[in-house]
Every structure is written in C-alpha cells, then in structure tokens.
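Working notes, beginning with the structure itself.
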Amino acid sequence: MTTHTSPSSPDTESFTELLESFLGNAQDSLEGRVVKGTIMAFEKDLVIIDIGLKSEGRVPLKEFKSSTDDTELKIGDLVDVYIEKLEDRNGEIFLSRERARREAVWGQLEEAHAKAERVLGVIYSRVKGGFTVDLGGAVAFLPGSQVDVRPIRDTAPLMGVPQPFMILKMDRARGNIVVSRRSILEESREEARSELVSNLEEGQVVSGIVKNITDYGAFVDLGGIDGLLHVTDISWKRITHPSEVLSIGQTIEVQITKFNKDTNRISLGMKQLESDPWAGIDAKYPIGAVLHGRITNITDYGAFVELEPGVEGLVHVSEMSWTKKNFHPSKLVATSQEVDVKVLDVDPSKRRISLGIKQCQVNPWAAFAEGHKIGNIIEGEIKNITDFGLFVGLNNEIDGMVHSSDISWEKSGDEALKAYKKGQVVQVKVLDIDVEKERVGLGMKQLSDDPFEGAFTKLKQGQVVTCTVTQIQDNGIDVKIADEVPGFIKKNELSRDRNEQRSDRFAVGEKLDAVITSIDRKSRSIILSVKAYEVNEEKRVMAEFGSSDSGASLGDILGAAMSKAKTKEAAEEKKPKAEPKAEKTTKEKEPSAPKETKEKEPKAPKEAKEPKKAKAEKEPKLDESSEA
C-alpha cells in the first residue's frame, strides 16, 4: 500500500526551507569572490562564461586585453572572473575579468604601498588628465603632473614600456589606485645629483642633454643636475637665439665655467671648447688694413660686420658716408650685404674693432682741397639758407658755407640774407678749407674791396668832418662821411645846449660838421659829436682873437674872426670849410652886439647850426659893425 504525502505536509515544508537555506547561503558566499569559469561562446564584444551555476555570465571582451596578458582567447579556456552579482531580474550573472585580476594583485600592491616600495607597471593608454597604467592586472591612474619632473611634449617613448612607479593613493572600496613616475625620477636624480656634485669642478668638460631653450640660453641636464648655457657662451660668432645652434634633446659637450656649491648653480660654456678667434687679433687686423666682410646686424648707431666666424667689428654711423649726416644705417646698408671696410682701431682687451666704410671711398673734401686753393672764385647753387648763413653746393656731394657776416660789407647779416633765395646761383670766394673737420668757408663780400678800409686810413679820432644825415632815430642820427663811411651821432651829442639835443631838428640829406670821437674797426662803426665840435670851435676862436677880459666883447671878437675868414675865403676859394666857420661867427655877433659876452655865450653853438643863413642875413651888419 502506497502512502501519499500532501504538499502541505510538514515534511514538504521542511525540505523547501532546507533547499532555500542552502541556496541562499551559496549565493551569499559566491558574490564578491573570484572563481574559475569556462568560455562557452563569443557574442560580438562579449564573452559567455559558465561558472557552474544555472545561468552563464557575460564579460566585455576588452577586459581580457591588458599590457601584460595578450593571450588569444578560445572556447573552452578556463579564466578567473569576479562575481559581482549572481543574478538580476533577468536571471543573468554579472562577472568581471578586470576585477578578478585586480583582486589577485591587490594584496601585493597594498603591501608595497605600506612599505613605500616601487611597483612595476606599463602605461598603455591616455585618458583625460593623465594616463592608464597596468600594474600586473590592476589598473591605476597616472596624473599628467606625475609623468616627469618637467612637462614633456612627446610621451610616445613612454607608452608600452615596463617601468617602475610609486603608489601615491589606494582605495580598495572604490577600486582606485593613483601612481607616480615623477617621484621615481626625483629619487634617481637626487642620488645622481649628490654623486655628480661631489665630482664637479670648474673647467671640467662634461656631456649633457639640452632640456629647455629660452631667449637667454639653454638648460642642460648633466645627469641629475641642470646647468645654464648662456646665449653668449654658445658660440664665438653672433647668434640671436639659442635655437639657431641647439635643439631640445640634443647631446652636447660643455665646459663648467662657474660652479657655486652653496646654491648648486652651474654656468656652462660651449665656445670655451674652441680656440679664441680674438687671440692675436691686433696682429691679424692691423690699423689701416682694408678688409672684406659681411653685415650681420644693424642698429641705430651703426652696423656690425663679420670679418671671420666669431670676430665682428662696428662701423659707426659717422664712418659710413662722407656727406650724409643724421641718417639711419639701414638707409645705406642691409643685413647680409658684403662690404669693404678699413680698420680704424683695435682694442683686444675689450674685444672691439672699429671699422669705416667711407675710408674705402674717395674723400670729396680732400678732392676739393686738391683742386681748389684759398682765394679761388667759384660758382655754386644755394642749397640751404639758415639764420647764420648760406650753404652753397660746391659739387654733387659737398657744400660750403657763407657766413652771414661774409655776405655784404655794408648790410648787416640778417638784412643781407633777405636778398638771396634757395636755388639761386651765386659767385663765392674760397676763404678756408678744413679737410679734417669737413668744412669749406666761403665769402661773397670778399669778391670786392672793402669800401671802408680806405676811409678808415684817412679818418682819425678828433678830426672834424662834414657828414650827411641818412636816418633819424630816437636815440640819435645816422650819418655818412664823404658819402661812403657810415657814422652815428648820439642824441646827447647833437648840441651843446640841452634844449637843442633833439634828433627831430635834423632832416635826411642835411649836412653838418662834427668831430670824430671814436673809431671801431672791428665793428666798423664811427661815433661823432656836434657838441664837441661846438666846444672846440669856441675855444679856437677865443684863443685866436682874444678874450673878453681884454675889454673886447664877444661880438667884437667874432666880428674880427668873421672878417678875417671872409678875406681868407676870397683868397682861397678852394677851402670849403672856411665859409661855414665865418658864417657861424657872423651869426653869433648879431644877438650879442647890444649885450655882454657872458649872456650870449650859450647861444653861440645854437646859431652855428645854420651857417648858410647866417652869412646871407648878417653880412651887411658885419660891415656896419666894422666901420663903427
């Protein structure tokens, strides 16, 4: 007899509970563990793996690719996978090959991180902000700042190469690992630096690699410590930028020119390994030698000419042209132009050579001096007019100057300049030639004789002359002596009487007598005085005909002098000055006859100013006075 158990019986319930309990414990124990699975199939970019459960798991194919494991996968292969979740709502198992590898090496990495030991890894891809590194199965992140001690442009040589790294940070819960390559290099550099510094000496020749190039030089890695190679120590010849000679990564030999052990600063030099081209430079390039060179640089003050590699001389702007002044050197020469130069000076101590371009050409000033002599008369065009004179073209290259004082004998400089215009052709006389100073002095007034020279030889101080009024001024009058020599009478010298010391009393063209009081040949001026003439004339009359103390009146004396002068005038008609003197005496007598001499003495000079009128009006009265 068969016994049937109902589904709701106690035995059935206890079996179900036992089965669920078993399966639940199995599920809890498998999740988060690394198990072996068999590859069942490949679907596109997924690998189907059986781990012995009721369903298979799917793993991305890319997780099987790593820098250390390039084994080709095939169906039936056993692989380690990490169970992340046994099944989701679709009944699928979540597996991870990457986490399986990470779990395998995680313990080793944690131990190395705790002991600050290096780990071996391979940079296999680039990501945002850095690189991905495979640490034997665990994937780590390498920040860009931790790749090298200095920023590097080309990282291709670092990819796929096993190299040591230092773990900076680990987070097992998140599965993050951060590594550094820079710390390894710094440790290596510090070790090499200490060893290198202890062996470095000034003057030592070492090899290095150019790490960086700047405008002022290049930094060279000597194997743990960097030195500066200044641009001026790269080559004996002129270079404008270090990149003309060096490139980053280039291996070069340098000499340690200076080493400061306190600051570990090292100065390097390349040109010191070559012979100095300036050695014996004064014998190689003697003063006066004509050389051929190439212009390497142009500045505001001149141009540099390369005579040989490493040796340059300066052609100052003043040594470029005989005739051009105040110009920029670039208007006459150009960079890379080949020119002939002459050595003007050599200073080996300062490494300077002064050169000249114009000295290799014909000196137009010397050529003019050879073809002309002082005193030659030439023609030229007025090239320029300034406040101080005229510049006259002597040929197509040079000009001579006519100073304003050498334009006219009679006119002042400013007045004489007004008569000339630019472009006018004039005749000039060569007065001076100075080849060294590059000057030619010219004159225009020297083309004729000095009209004043003959007059000056005839005139003397104190001499009485007859002059003609040429101009009326507030401070006096301008006159001409003998119609050719100019003179001037000051206002206070126009008369003995202060009331008559007025320049408006005279008119242009009027003639008068005066005494020369001063002659200045340098300024070509003559000063005269009517007042002195009147005083001297009165003294002469008194001395010749008597005095008032003898009982004779001034009128009697003047009358007698006038009568004598008239007689003398008739006898000698060729003496023009006798008549005006007699006339002055006659006019003095008329007002003074009825009065005493002392009252009329001040008026005598006043009447002397109109000698001709006095003669015409007073002659009859003089006769009556004489008869009386």
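Within the stretch 361-409, take every residue that is over 13 Å from residue 428 (Cβ atoms) and among the acidic types (Asp, Glu) and give me the one that is surrounded by the most Cβ atoms within 10 Å (Cβ to Cβ).
The selected residue is 397.
Mind checking whether some residue in the stretch 202-210 is buried (at least 17 other Cβ atoms within 10 Å of the Cβ) and either within 15 Å of residue 150 (Cα to Cα) or in contact with a Cys (Cβ under 6 Å, 6 or more places away or on another chain) (or both)?
Checking the stretch 202-210: at least one residue is buried (at least 17 other Cβ atoms within 10 Å of the Cβ) and either within 15 Å of residue 150 (Cα to Cα) or in contact with a Cys (Cβ under 6 Å, 6 or more places away or on another chain) (or both).
When only residues in the stretch 441-457 that are assigned to a helix (DSSP H, G or I) and of a type in the set (Gly, Ala, Ser) count, which is most open to solvent (accessible area, probe 1.4 Å)?
Checked the stretch 441-457; the qualifying residue most open to solvent (accessible area, probe 1.4 Å) is 454.
Any idea how many residues of the stretch 105-129 are in a strand (DSSP E or B) and either under 12 Å from residue 165 (Cβ atoms) or among the hydrophobic types (A, V, I, L, M, F, W, C) (or both)? Full working, then the answer.
Here is the first cut: in the stretch 105-129, the residues in a strand (DSSP E or B) are 118-127.
Now drop any that are not either under 12 Å from residue 165 (Cβ atoms) or among the hydrophobic types (A, V, I, L, M, F, W, C) (or both), which leaves 118-123, 127.
Residues flagged as in a strand (DSSP E or B) and either under 12 Å from residue 165 (Cβ atoms) or among the hydrophobic types (A, V, I, L, M, F, W, C) (or both) within the stretch 105-129 amount to 7.
What are the residues in the stretch 272-293 that are within 20 Å of residue 314 (Cβ to Cβ) and either touching a Cys at 6+ places or on another chain (Cβ under 7 Å) or not small (Gly, Ala, Ser) (or both), if any?
Those that are within 20 Å of residue 314 (Cβ to Cβ) and either touching a Cys at 6+ places or on another chain (Cβ under 7 Å) or not small (Gly, Ala, Ser) (or both): 276, 277, 278, 281, 282, 284, 285, 286, 287, 290, 291, 292.
Confirm whether residue 248 is over 30 Å from residue 313 (Cα atoms), modelled with pLDDT of 85 or more and assigned to a loop (DSSP other than H, G, I, E, B).
In short, yes.
Residues checked against (1) part of a loop (DSSP other than H, G, I, E, B); (2) more than 60 Å from the chain's Cα centre (by Cα):
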residue	(1), (2)
79	no, yes
82	no, yes
90	yes, yes
94	no, yes
99	no, yes
103	no, yes
132	no, no
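Consider only pairs whose beta carbons are under 8 Å apart and that are at least six residues apart or on different chains; among these, list those whose first residue lies in the stretch 498-513 and is in a helix (DSSP H, G or I) and whose second residue is open to solvent by 30 Å² or more (accessible area, probe 1.4 Å) and not basic (Lys, Arg).
Once the first residue is in a helix (DSSP H, G or I) and sits in the stretch 498-513, its partners that are open to solvent by 30 Å² or more (accessible area, probe 1.4 Å) and not basic (Lys, Arg) give 503/472; 503/473; 503/474; 503/475; 504/472.
In the stretch 322-343, how many are open to solvent by less than 60 Å² (accessible area, probe 1.4 Å) and outside any loop (DSSP other than H, G, I, E, B)?
4
Only one residue in 184, 213 is within 30 Å of the chain's Cα centre (by Cα) and in contact (Cβ under 8 Å) with a residue 12 or more places away in the chain, so which one is that? Quick ask: steps written out before the conclusion?
Details: 184 fails: within 30 Å of the chain's Cα centre (by Cα).
Criteria check complete, one pass: 213.
Report whether or not residue 286 is open to solvent by 30 Å² or more (accessible area, probe 1.4 Å) and in contact with an Asp or Glu (Cβ under 6 Å, 6 or more places away or on another chain).
No.
Exactly one condition in (1) farther than 30 Å from residue 308 by Cβ; (2) among the β-branched types (Val, Ile, Thr); (3) touching a helix residue (DSSP H, G or I) at 6+ places or on another chain (Cβ under 9 Å) is false for residue 263; which is it?
Against the list (1) farther than 30 Å from residue 308 by Cβ; (2) among the β-branched types (Val, Ile, Thr); (3) touching a helix residue (DSSP H, G or I) at 6+ places or on another chain (Cβ under 9 Å), residue 263 comes up short only on (3).
Would it be correct to say that residue 98 is of a type in the set (D, E, K, R), open to solvent by 40 Å² or more (accessible area, probe 1.4 Å) and closer than 20 Å to residue 62 by Cβ?
Taking the combined requirement at face value, the residue satisfies it.
I need every pair where a residue in the stretch 99-124 that is in contact (Cβ under 8 Å) with a residue 12 or more places away in the chain has its Cβ under 7 Å from the Cβ of a residue that is of a type in the set (Lys, Arg), sequence separation at least 6 or different chains.
106/172
So which of 460, 429, 437 ends up being open to solvent by 50 Å² or more (accessible area, probe 1.4 Å), under 30 Å from residue 382 (Cβ atoms), in contact with a strand residue (DSSP E or B) (Cβ under 8 Å, 6 or more places away or on another chain) and not in a helix (DSSP H, G or I)?
Values: 460 fails: under 30 Å from residue 382 (Cβ atoms); 437 fails: in contact with a strand residue (DSSP E or B) (Cβ under 8 Å, 6 or more places away or on another chain).
When all the criteria are applied, what remains is 429.
Restricting to the stretch 302-321, and then to whatever is within 19 Å of the chain's Cα centre (by Cα), of a type outside the set (A, V, I, L, M) and assigned to a strand (DSSP E or B), can you tell me which residue is surrounded by the most Cβ atoms within 10 Å (Cβ to Cβ)?
Going through the qualifying residues, I end up with 302.
Answer with yes or no whether residue 168 is closer than 30 Å to residue 82 by Cβ, of a type in the set (A, V, I, L, M), over 52 Å from the mean Cα position of the chain (by Cα) and open to solvent by 40 Å² or more (accessible area, probe 1.4 Å).
In short, yes.
Residue 92 fails exactly one of the following numbered conditions: (1) at positive phi; (2) open to solvent by 30 Å² or more (accessible area, probe 1.4 Å); (3) not hydrophobic (A, V, I, L, M, F, W, C). What is the number of that condition?
Among (1) at positive phi; (2) open to solvent by 30 Å² or more (accessible area, probe 1.4 Å); (3) not hydrophobic (A, V, I, L, M, F, W, C), residue 92 violates only (1).
Please go through the stretch 304-330 and give me each residue that is farther than 20 Å from residue 232 by Cβ and either touching a strand residue (DSSP E or B) at 6+ places or on another chain (Cβ under 9 Å) or modelled with pLDDT of 90 or more (or both), ordered by number.
Hits for the stretch 304-330 are 315, 316, 317, 318, 319, 320, 323, 328, 329, 330.
Taking the stretch 211-236 as the region of interest, how many residues are open to solvent by less than 60 Å² (accessible area, probe 1.4 Å) and not in a strand (DSSP E or B)?
Qualifying residue count, the stretch 211-236: 10.
The values are calculated or read from the model by the stated rules, or taken from the named source; none is laboratory data. Quick caveat, the model's predicted, so the values are computed rather than measured. Using ideal geometry, Cβ is built from the backbone for each residue, glycine included, and neighbour counts are taken over all protein chains shown. When the accessible area is computed, the model is the full protein with side chains, heavy atoms only, and any ligands, DNA or RNA have been set aside. Shrake-Rupley method; radii C 1.70, N 1.55, O 1.52, S 1.80 Å.
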